[in-house]
Amino acid sequence: MPNQPNTRRPPLSRARVLQAAVALADDAGLEAFSMRGLAQELGVVPMALYKHVANKDALLDGMVDIVFAEIELPSGDLDWRSAMRRRATSTREALQRHTWAIGMMESRHPGPANLRNHNAVMGCLREAGFSFDMAVHAYSAQDAYIYGFALQERDLGFETPESAGEAAQRRAETIGALDDYPYLVEVVTKLPASGYDNAVEFAWGLDLILDGLELLRHTGAEPA
């Protein structure tokens, strides 16, 4: 008798459930995400999931922690600015892969990857000479920029200079009386040829923030 192919699925585990959930959310977004759909994707009954995650909230906590695990931690081998720049770029790239996580990164119950990330960032800033209060301000300013940029990038959809121009043109069609909006007309007409690039814009704004933090680090000034 010929050997029958092994069609058995790998056993269900917490890691497999979480990875499948992340993949499903990446494909469909959280709006269409459900425990029933996840169970169907894994080929199990919904109740089988609850042996590995207590409920949907616990599932979301684990999914967000997977995103945190993809973010490069600040390295002690780099100066603080380089370490923060690499961590910021890595965070933006993780959120590009998992756009559903934008707005959830700081709202879920923290998992181990989340805790490692926050501890490493604070450690980098403190060891660079920032006071405790200044390190908290510096961390907050960076994350507000990173998460805000990721949200804008997702919602505006400017992936390339070409798509930026296409999006601007679509907006132009809804403006109406263009003479009333001269600066919007300028954006619509010049943006497609301006070489707009999200990565360049992100780095430019990030460097402005890091420049300001470097100045505050040297002067020891605290925000008013």
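No value in this document is a laboratory result; all are computed from the given coordinates. Just so it is clear, the structure is predicted and the values come from calculations on it, not from any experiment. Quick reminder, even Gly has a Cβ in these numbers, built from the backbone with ideal geometry, and neighbours come from all protein chains shown.
For region 1-103, state which trypsin sites (Lys or Arg not before Pro) are in a DSSP loop and have at most 12 other beta carbons lying within 10 Å of their beta carbon. Please list the in-between numbers first.
On the way: sites: Arg8, Arg14, Arg16, Arg36, Lys51, Lys56, Arg81, Arg85, Arg86, Arg87, Arg92, Arg97; in loops: Arg8, Lys51.
Hits after loop and neighbour filter: Arg8, Lys51.
Taking 7 Å along the Cα-to-C-beta vector as the label spot, tell me the Met104-Glu70 distance in nanometres, rounded to one decimal.
Calculated label separation equals 1.2 nm.
Can you sort Val188, Val45 so the residue with the fewest Cβ neighbours within 10 Å comes first? Spell out each step's value before the answer.
Details: Val188 20, Val45 10.
Result, fewest neighbours first: Val45, Val188.
Computed from the mean reciprocal separation of all distinct C-alpha pairs, what Kirkwood hydrodynamic radius does region 57-156 have, in Å? If you can, show how the numbers build up before the last one.
Values: mean 1/r = 0.0725 Å⁻¹.
Mean inverse Cα-Cα distance, inverted, gives 13.8 Å.
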